[in-house]
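The values are calculated or read from the model by the stated rules, or taken from the named source; none is laboratory data. Owing to the predicted nature of the structure, the values given are computational and were not obtained by experimental measurement. Cβ atoms come from the backbone with ideal geometry, glycine included; neighbour counts cover every protein chain shown.
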Amino acid sequence: MQKPWIALYPEGVPAQISTEGYRSLPDLLGQACKKHGRRRAAVFMGSDLSYAELDRHADAVAAWVQAQGLPVGSHVALMMPNVMAYLPILVGVLRAGMVLVNVNPMYTAPELRHQLEDAEVDMIFIFESFAATLAKVDRPARPGKVVLVSVGDLLGVKGMVLNFAARHIKHMVPRHGLEDAIPLRQVLRKGAGGTFRAPELSLDDVALLQYTGGTTGRPKGAMLTHGNLVANVLQMQAVARPVLGEECGAGMVMLTALPLYHIFAFTVCGLFAMHAGMCSVLIADPRKLDTILEAWRRDPVSIFPAVNTLFNGLLNRPEFEQLDFSALRLCFGGGAAVQKAVAERWHSVTGLPLIEGYGLSETSPVAIVNPTNATEYSGDIGLPLPSTDVVMLDSEEREMPFGEAGEVSIRGPQVMKGYWKMPDETRASFSAQGYFKTGDIGIMSPEGRVRIVDRKKDMILVSGFNVYPNEIEQVVMQHPGVLECVVVGLPSADSGEMVKLFVVKKDPALTESELREWCARHLTGYKRPREIEFRSELPKSNTGKLLRRVLRDEAGSSGASDAG
């Protein structure tokens, strides 16, 4: 196939990357810990963790996990925000030969139960503030081993003060009743006295189950192998070299405000930053912009991956313009489309353009990105990464000519092995030529630049997170007072898009507040409807299919979208 984009690569960016020299993801990360031992690996709430300390704690986690008798390849979930213990646990679980399962810590009990059961999770490391959610999950669905992580873990004396405040002053740790749960400090103490045996792992082995909603809304676990993730890290390193130099970021500061359980942050802020020897400044709650501003003042940022809503939020804080941008080298925009107005204002304030890219959980995630040495916002998603082929396919899987729209389809070493326990879904998502079909509609220019013109027709993107209408509708339809419902996405100034729910009542006494309470019990915050509208009937096709498109168009033309 033609690869015109290679001619647009900046000098020094190779057409292909090689994973030779790395046997697995723990091998890649272990080499980084040894090479950068004295450098800072992470900063959290003003405390530092060196790569040597990260390496030592990861060894302790690995030894303790193996001592629990789980076979290599068992599934271990991580359910926590960005706290200091996150990276050592991540590395330690992988080092023990286990498969990581990222879990959104804001999940409700029904959402958590589904993922734990589907992923067949044997052990979970969970932030203690969310342990009460796990306690609401039926005991048979809970993992056999539960480790409680606290905000002060690995922060020394300061950590003990923070833990006391979180538990007894701010009351941020609800009673949970998980009597058999083990605190992380005990895991580290016992693990430090043990040893672990490095398992035989290959690049073909699964390293991560990253859950993503399907086009039907049914969550699917993308099986990402060690090779997928190692390749994506090396691809990121290759395209970042023109602006980060030959050391490719060693010693630089990565502001990790995006949650590490999200694939964008997991790979870019977690794996890539560690491989490069960067210092990750961890932000537990990116909604608290004051925390980000304070962290930036303390450690001027070099690399800042974020979503459009976060860039916009910072720009709307007057203090942001007073920050030190002299160290800033690279600002990645992903997770959702970067808006032109935000990109232009960001450039004027910081002096750097927003470099937009594109990817999915199924592609580890980065597949397409703008040249990192670009001097202005491009308005498209850029060029395929090294070792990556991208084509636009029609409904018959025929490759579309340059300039004509088709389904963005990707083939490369970062593309997943398949969906966990879903062979039919896996087969349906790949073309006969082995391209992963994204469901997004794009156009490729003759030069190889890709522009997204449409996407999965019903998916809603709220602050960078995929929200699938079917999932919300299934929850709402379980309410005894609901006859019919439809969910659509509408533009929102503060979250990109928002969820709007249309309902036909079965019980005339049903109120909006009752529905909101119902959704709050069953859905994570970003999935909950921002607007609810009751109707006497909903539009249907001749076959009785509810027509989301009609409602979306009506709501849009009536100005019902959120103006922020």
Within the range 183-215, residues being surrounded by fewer than 16 Cβ atoms within 10 Å (Cβ to Cβ), under 20 Å from HIS57 (Cα atoms) and not basic (Lys, Arg) number 7
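Can you confirm whether the range 280-290 contains a residue that is under 23 Å from ASN102 (Cα atoms), free of Cβ contacts under 8 Å to residues at least 40 places away in the same chain and of a type in the set (Lys, Arg)?
Yes, there is a match, as at least one residue in the range 280-290 is under 23 Å from ASN102 (Cα atoms), free of Cβ contacts under 8 Å to residues at least 40 places away in the same chain and of a type in the set (Lys, Arg).
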Residue hits (the range 456-503; part of a loop (DSSP other than H, G, I, E, B) and over 24 Å from LYS437 (Cβ atoms)) are SER463, GLN478, HIS479, PRO480, GLY481, ALA493, ASP494, SER495
By residue number, the members of the range 281-340 that are buried (at least 18 other Cβ atoms within 10 Å of the Cβ) and hydroxyl-bearing (Ser, Thr, Tyr) are SER302, THR309
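Taking the residues in the range 80-106 that are within 15 Å of PRO219 (Cβ to Cβ) and modelled with pLDDT of 95 or more as candidates, determine which candidate is surrounded by the most Cβ atoms within 10 Å (Cβ to Cβ).
VAL101
Scan the range 216-233 for residues that are under 24 Å from ASN82 (Cβ atoms) and assigned to a helix (DSSP H, G or I) and jot them down.
Within the range 216-233, HIS226, ASN228, LEU229, VAL230, ASN232, VAL233 qualify.
One line per residue, one yes/no per condition, for (1) out of contact with any strand residue (DSSP E or B) (no Cβ under 9 Å at 6 or more places or on another chain); (2) part of a helix (DSSP H, G or I):
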site: SER129; (1), (2): yes, yes
site: LEU148; (1), (2): no, no
site: GLY152; (1), (2): yes, no
site: PHE164; (1), (2): yes, yes
Sole miss for ARG56 among (1) touching a residue at least 40 places away in the same chain (Cβ under 8 Å); (2) in contact with a Gly (Cβ under 9 Å, 6 or more places away or on another chain); (3) surrounded by fewer than 24 Cβ atoms within 10 Å (Cβ to Cβ); (4) not small (Gly, Ala, Ser) is condition (2)
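Being modelled with pLDDT under 95 and either touching a strand residue (DSSP E or B) at 6+ places or on another chain (Cβ under 8 Å) or not β-branched (Val, Ile, Thr) (or both) is the filter here, so list the residues in the range 212-232 that pass it.
Those that are modelled with pLDDT under 95 and either touching a strand residue (DSSP E or B) at 6+ places or on another chain (Cβ under 8 Å) or not β-branched (Val, Ile, Thr) (or both): THR212, GLY213, GLY214, THR215, GLY217, ARG218, PRO219, LYS220.
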GLU117 fails exactly one of (1) closer than 18 Å to LEU70 by Cβ; (2) exposed (fewer than 14 other Cβ atoms within 10 Å of the Cβ); (3) without any contact (Cβ under 8 Å) to a residue 40 or more places away in the chain; (4) among the charged types (D, E, K, R), namely (2)
Q.
Residue under question is LEU354, and the condition is that it be buried (at least 24 other Cβ atoms within 10 Å of the Cβ) and at negative phi; does it hold?
A. yes
ALA109 vs (1) crowded, with 16+ Cβ neighbours inside 10 Å; (2) touching a Pro at 6+ places or on another chain (Cβ under 9 Å): all pass except (2)
